[in-house]
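Take a look at the structure set out below.
The values are calculated or read from the model by the stated rules, or taken from the named source; none is laboratory data. Predicted model only: the values in this text are computed from it and were never measured. Using ideal geometry, Cβ is built from the backbone for each residue, glycine included, and neighbour counts are taken over all protein chains shown. Each accessible area value is taken on the protein alone, full model and side chains, heavy atoms only, with ligands, DNA and RNA left out. Shrake-Rupley method; radii C 1.70, N 1.55, O 1.52, S 1.80 Å.
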Amino acid sequence: LQVFPIGLLTVILTSLIDRVCYGFWTLTIINFFKINIIEGVSEDYGVHSWHWYFTQGMPSIIGTWSPFFVYGVYRSVVVRRRVGFLFEFMIWSMLVLSITKHKEFRFAFPLLPIACCYAGLGLASLISNREKISATRFAFYQVSVFVAVISNVLASFYLSFYHQSAPLQVLDFLSADPSLSSVDFLTPCHSTPFHSHLHRPDVTMRFLDCSPLLEALRNLEGMNFSIVHGIEEEDMFFKDDFSFVKSRYLKGTARWPSHFVTKSDVTEELKDFFFENGYKLCASFFHTHESKMTVYCLL
């Protein structure tokens, strides 16, 4: 009963905002439930087992703090015999998230602060009575904290500045290129921040479409063939990149951009296709230890 007025006010406000933005009355919460839960459209982007959040998702997010989290939960639930609202909320949220087959790490990120609270409790419990604990146990505590902190610092540094950093570097390169007028990203869809990072309204950009097959999309004017028939451009490209590009630019009506952006693991046929049609390799950026992102531009 305490949360009912807040929930009702939230529904009313979001409904009014949707009415203004969409131009008609609709409930996006119900639309989300219908499309992703009932129709299962989200499953087009990958599925996982029902226990994924418990066995892989949260352990990966908590990382090296996992042992302290487990010990903190043990101290709270078993020793103190108090489950607590936070732990109940965490388990409930993971159960609700587990309903859908499509699961992602980002869906569980809001639970990380709660996990940190229990990890802190676990750490504090190790030296709850400093005068009575042995030197060995205190040394174990110090080493554990050192390993957990250092591993997170190193991981943060590597993941923030090196791992999959190419999308930002590519857009920085393109933004500074005065010859840039248009660019086609032949990469997995949504793999770059696109206009939000480039800030060049004079540049036309396009990436491979991976829109889900929705009934509402079929009747939109100008909707391309692949979406209407449930065929994702991304799937078509990675199935046979050379045939896809040849069909689009040589046989189709697609305009030739001033720049192409691809992954380094495309076929040799596609690379030769760029060279034969007046493009050169302008830049290459580290993405992962297995691949790079490359930029081709007109000679």
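Details
- Within the range 153-173, restricting attention to residues that are open to solvent by 90 Å² or more (accessible area, probe 1.4 Å) and over 21 Å from His197 (Cα atoms), the residue that is farthest from the chain's Cα centre (by Cα) is Leu154.
- Single residue of the range 24-38 satisfying the filter (in a loop (DSSP other than H, G, I, E, B) and of a type outside the set (A, V, I, L, M)) that is most open to solvent (accessible area, probe 1.4 Å): Trp25
- Residues in the range 39-50 that are open to solvent by 60 Å² or more (accessible area, probe 1.4 Å) and farther than 30 Å from Ser15 by Cβ: Val47, His48, Trp50.
- Tally of residues being open to solvent by 40 Å² or more (accessible area, probe 1.4 Å), part of a helix (DSSP H, G or I), modelled with pLDDT of 90 or more and farther than 15 Å from Val70 by Cα across the range 90-139: 9
- Counting the residues of the range 140-163 that are without any contact (Cβ under 8 Å) to a residue 24 or more places away in the chain and more than 17 Å from Thr64 (Cα to Cα) gives 2.
- Residue under evaluation Asp44, criteria (1) part of a helix (DSSP H, G or I); (2) modelled with pLDDT of 85 or more, criterion not met: (2)
- Of the residues making up the range 201-225, those that are at pLDDT below 65 and more than 22 Å from Asn36 (Cβ to Cβ) are Glu221, Gly222, Asn224, Phe225.
- For the residues Ile62, Ile150, the requirement of being under 18 Å from the mean Cα position of the chain (by Cα), over 30 Å from Lys34 (Cβ atoms), among the β-branched types (Val, Ile, Thr) and assigned to a helix (DSSP H, G or I) singles out Ile62.
- Among residues of the range 257-269, those that are outside any strand (DSSP E or B) and open to solvent by less than 90 Å² (accessible area, probe 1.4 Å), counted: 5
- Condition check for Phe54: within 25 Å of Glu234 (Cβ to Cβ) and open to solvent by 40 Å² or more (accessible area, probe 1.4 Å): no
- Among residues of the range 76-89 being assigned to a helix (DSSP H, G or I) and either open to solvent by 60 Å² or more (accessible area, probe 1.4 Å) or at pLDDT 90 or above (or both), the one that is farthest from Ile37 (Cα to Cα) is Val79.
- Restricting the range 178-200 to residues that are part of a loop (DSSP other than H, G, I, E, B) and within 16 Å of His259 (Cα to Cα), the residue that is modelled with the lowest pLDDT: Arg200
- Test: residue in the range 9-23 that is assigned to a helix (DSSP H, G or I), under 26 Å from the mean Cα position of the chain (by Cα), among the aliphatic types (A, V, I, L, M) and farther than 14 Å from Thr100 by Cα: no
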